[in-house]
Amino acid sequence: MKTSQELWGKTPEGKEIYKYRLTNASGAYVELSSVGAGIVSVVVPDKDGKMENVVLGYDDPMSYFADGPCAGKTPGRFANRIAKGRFTLDGKEYELPINNGPNHLHGGPKGFQNQVWESRLNGEAVEFLYDAEDGEAGYPGNLKAVVRYEWDEDNSLRITYTAESDAPTVVNLTNHTYFNLDNEGSIEAHELTLNASEYLPTDPTQIPLGDSEPVAGTPMDFVNPKPIGQDLHADFEALKIGKGYDHCWVLDDYEPGQLQRAAELYSPKSGRLVEVLTTQPGIQVYTGNWLNGCPVGHNGRIFHDYDAVALECQHFPDSPNKEDYPSTVLRPGQTYQEAIIFAFSVR
């Protein structure tokens, strides 16, 4: 594995931003940034051996701050939505910034995705560290979060998350990469498979109502491979709420700490395929419904709605307010540990 590190830029406050590249023997590589501990690019071959970038990203490091898509980054302290920016833990109510309708999203406007993380090469891996202070964005506890990326010779990218807190808190970390396996055009012809027979219906503000419902017989059914665009614009309440897919699916056979297959995304055009594995209980599928107007992408690319899809492995939205959901509470002496693998190949 060939590794490199470069000073990519500086913030107006003078913080240094670093970019890393991990290249395997075949020449396939990933680029990572200390802004939001994020993925900048993933360059892998198509069925004819042509190397192209398959994720949404920007050439200007400053474009990653407060970008609408949260491209490639690590949102936190709590990824996804918390209803009305409030939750109660051990009898105390906490208030968080409201930044998505009436709700709190991705840790608020100053969430982990908009911070410059400490970073380093550690052998053939890249590690990012962020220390969130007690009370930051309203969350309790001083939280130390670490994101580690490993790229292997088989074009698999492994992401591991660990976190510790000195007080009871909640945490939910994911990766917010957007995929376009053709490096151009819409993702509506991409075929998606989800290892999920149920999903979480939401209210009009995209907060889960509570219980999951079967996907069978609805546009939410991806148990078998289906083009994303097949039902994307169907007359179905869930799709009208978000102008497309932006929901959390409940992964079948979830066991805490156990890696399992969550999703598979395939492009018949390029022949590229990415298999997604995770230890997390859910996967939020977001079909880039609001990409119009986002920062200019690599090589001057202008993105439009539905030009990329995010597959965000995570705990369920609004978990701190839903006792029946897998817990997102982290207590002193415990270690939060989760993993995601994006395994690229061709068919």
Condition met for Y266 (more than 30 Å from S165 (Cα to Cα) and in contact with a Pro (Cβ under 8 Å, 6 or more places away or on another chain)): yes
Restricting the first residue to segment 294-318 and requiring it to be at positive phi, which pairs with a second residue that is hydrophobic (A, V, I, L, M, F, W, C) and assigned to a strand (DSSP E or B) meet a Cβ separation below 6 Å and a spacing of at least six or different chains? D318/I82
If we keep just the residues of segment 212-236 that are over 21 Å from D307 (Cα atoms) and in contact (Cβ under 8 Å) with a residue 24 or more places away in the chain, which is surrounded by the fewest Cβ atoms within 10 Å (Cβ to Cβ)? N224
Right, L209: hydrophobic (A, V, I, L, M, F, W, C), at pLDDT 95 or above and surrounded by 15 or more Cβ atoms within 10 Å (Cβ to Cβ) or not? no
Show the residue pairs that are 6+ apart or on different chains and have beta-carbon atoms under 7 Å apart, the first residue being within segment 57-69 and among the small types (G, A, S), the second being buried (at least 19 other Cβ atoms within 10 Å of the Cβ) and outside any loop (DSSP other than H, G, I, E, B). G57/V40; G57/S41; A66/N114
Contacts under 6 angstrom Cβ, first residue in segment 320-344 being touching a residue at least 12 places away in the same chain (Cβ under 8 Å) and more than 23 Å from K144 (Cβ to Cβ), partner crowded, with 16+ Cβ neighbours inside 10 Å and among the acidic types (D, E), 6 or more apart: A343/E275
Segment 152-163, residues that are surrounded by fewer than 19 Cβ atoms within 10 Å (Cβ to Cβ) and more than 13 Å from G76 (Cβ to Cβ): D152, E153, D154, S156, R158, T160
Output the residues belonging to segment 196-205 that are closer than 18 Å to L277 by Cα and open to solvent by 40 Å² or more (accessible area, probe 1.4 Å). S197, E198
How many of the residues in segment 129-151 are closer than 21 Å to V43 by Cα and buried (at least 23 other Cβ atoms within 10 Å of the Cβ)? 2
Look at segment 259-301 and say how many of its residues are farther than 17 Å from E52 by Cβ and of a type outside the set (S, T, Y). 24
Out of the strands (runs of 3 or more DSSP E) lying entirely within segment 242-326, which hold 1 or more residues that are surrounded by fewer than 24 Cβ atoms within 10 Å (Cβ to Cβ) and at pLDDT below 95? none
Of all residues in segment 115-128, which are in contact (Cβ under 8 Å) with a residue 60 or more places away in the chain, outside any strand (DSSP E or B) and open to solvent by 30 Å² or more (accessible area, probe 1.4 Å)? Q115, E124
Could you grab me the full set of residues in segment 153-209 that are among the polar types (S, T, N, Q) and on the phi > 0 side of the Ramachandran plot? N155, N183, Q206
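The values are calculated or read from the model by the stated rules, or taken from the named source; none is laboratory data. The model shown is predicted, which means the values in this text are computed figures rather than measured ones. Neighbour counts are summed over all protein chains in view; Cβ atoms, including those assigned to glycine, are modelled from backbone coordinates with ideal geometry. Surface accessibility is based on the protein's heavy atoms, side chains included, excluding ligands, DNA and RNA. Shrake-Rupley method; radii C 1.70, N 1.55, O 1.52, S 1.80 Å.
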